[in-house]
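The values are calculated or read from the model by the stated rules, or taken from the named source; none is laboratory data. No experiment lies behind these values; they were computed from the predicted model shown. Cβ sites come from the backbone with ideal geometry, for glycine too, and all protein chains shown count toward neighbours. Keep in mind that these areas ignore ligands, DNA and RNA; they rest on the heavy atoms of the full protein, side chains included. Shrake-Rupley method; radii C 1.70, N 1.55, O 1.52, S 1.80 Å.
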Amino acid sequence: MGTRVSSGLPGIVLALALVGQACTPEAPPKQEVPKPVQAQLPPAPPFDADSAYAFVRWQVDFGPRVPGTAAHAACGDWIVARLKAAGATVTEQRGTVTAFNGNPLPLRNIIGSWRPGARDRILLLAHYDTRPFADKDDERRNEPILGANDGGSGVGVLLEIARHLGAATDTALLGVDLLFTDVEDYGEPTGAMTMEGNSIATWALGSQYWAKNPHVPGYTARFGVLLDMCGAKDARFYQESISMQYAPQVVRKLWRTAAALGHGDRFVAETRHFVGTDDHLPINELLRIPTADIIEYHEGTRAFHPSWHTHDDDMDVIDRATLQAVGSTVMEVVWKER
Ligand code: AHN
Ligand code: ZN
């Protein structure tokens, strides 16, 4: 787009200006094109990918974060501690949900808020639970996965953003809520039979719960951004179709910002349909907060990363450059929103 603009109209304007200069001794005063307001705002502080990477590793070191386990509880406590250290007002939402197989599961959504009284808000979210089985693997299918990318990456990026929100002195920043959703990844394995026969509804139980009972009654936000599987080496992010249906303006804002920061090769402005559901669906449908999902589309699988729901989803998959591209893009969008 930049090439077209610079070689099109301004070229004509320049040619006319040169002609004008040749004919008159005094050149007319140069017309200043007003810069967009965004350009005058200071850039977001630098996102530290080493820090985000360490936050992913910290989670993986707890082991699989399966709802109802000690590792999951420890990870939740650690997220709460990180948020408090970053000056957030922390709300924990506890409940019980029923898994696809009838198991009752404890639920703990965690929300960290900055400027909790501000009316204009931005919602950022990621799930912190990990899948209780490796149903896409060839081995040890009944054992839980580590979820470095699926779970760990989104939380790692959000906790790094939390650090900067805590340090921010810019009073024009909007209110921000970081929502760490629980029981996203306990969905029905493909091929399994359930009584309800609605496998979409068996995923994202924590965000469904929150969208029906938000931590603040009547909660709303200008827009939301979901981070899911956003840390793998060479990951590319296409414009996911549920996001395009409900929040095309949010998608465009994110992808435009990524391109401006030099990440246009990863944030590809083409739509792919590859997500059956995710945490953004209930938020879009029930709360009507336009929410976009930044989630990897893998050309090879035409879906998710090959490590998805396998034991390969460990720290070897994670790459700082991907965390950097995602984190800096989201921060820039948050810091430029006025
Ligand atoms: C499905 O489309 C079945 N799942 C996408 C949601 C998900 C699972 N994200 C991470 N794991
Ligand atoms: Zn998953």
- Query: Of all residues in the range 239-263, which are open to solvent by less than 40 Å² (accessible area, probe 1.4 Å) and part of a loop (DSSP other than H, G, I, E, B)?
  - Reply: Ala247, His263
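One line per residue, one yes/no per condition, for (1) within 16 Å of ligand 2 (Cβ to nearest atom); (2) under 25 Å from Ser113 (Cβ atoms):
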{"site": "Thr181", "(1), (2)": "yes, yes"}
{"site": "Thr190", "(1), (2)": "yes, no"}
{"site": "Ser207", "(1), (2)": "yes, yes"}
{"site": "Ser241", "(1), (2)": "no, no"}
{"site": "Trp255", "(1), (2)": "no, no"}
- Can you give me the number of residues within the range 285-318 that are at negative phi, open to solvent by 40 Å² or more (accessible area, probe 1.4 Å) and more than 16 Å from ligand 2 (Cβ to nearest atom)? 5
- Message: List pairs: first residue in the range 122-134 and β-branched (Val, Ile, Thr), second residue within 12 Å of ligand 1 (Cβ to nearest atom) anywhere in the structure, Cβ distance under 8 angstrom, at least six positions apart or on different chains.
- Response: Thr130/Ile145; Thr130/Gly147; Thr130/Asp150; Thr130/Gly151; Thr130/Gly152; Thr130/Asp185
- Among the residues of the range 306-322, write down those that are part of a loop (DSSP other than H, G, I, E, B) and among the small types (Gly, Ala, Ser). Ser307
- Message: Name the single residue that is farthest from Ala325 (Cα to Cα) among those in the range 264-284 being touching a helix residue (DSSP H, G or I) at 6+ places or on another chain (Cβ under 6 Å) and open to solvent by 60 Å² or more (accessible area, probe 1.4 Å).
- Response: His273
- Answer yes or no: is there a residue in the range 262-272 that is among the acidic types (Asp, Glu), in contact with a strand residue (DSSP E or B) (Cβ under 9 Å, 6 or more places away or on another chain) and more than 30 Å from Asn213 (Cβ to Cβ). yes
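Do any helices (runs of 4 or more DSSP H) lying entirely in the range 37-93 carry at least 1 residues that are more than 21 Å from Arg320 (Cβ to Cβ), and which ones are they? Outline the logic, then answer.
Numbers: elements: 37-40, 49-61, 70-85.
Ranges flagged: 37-40, 70-85.
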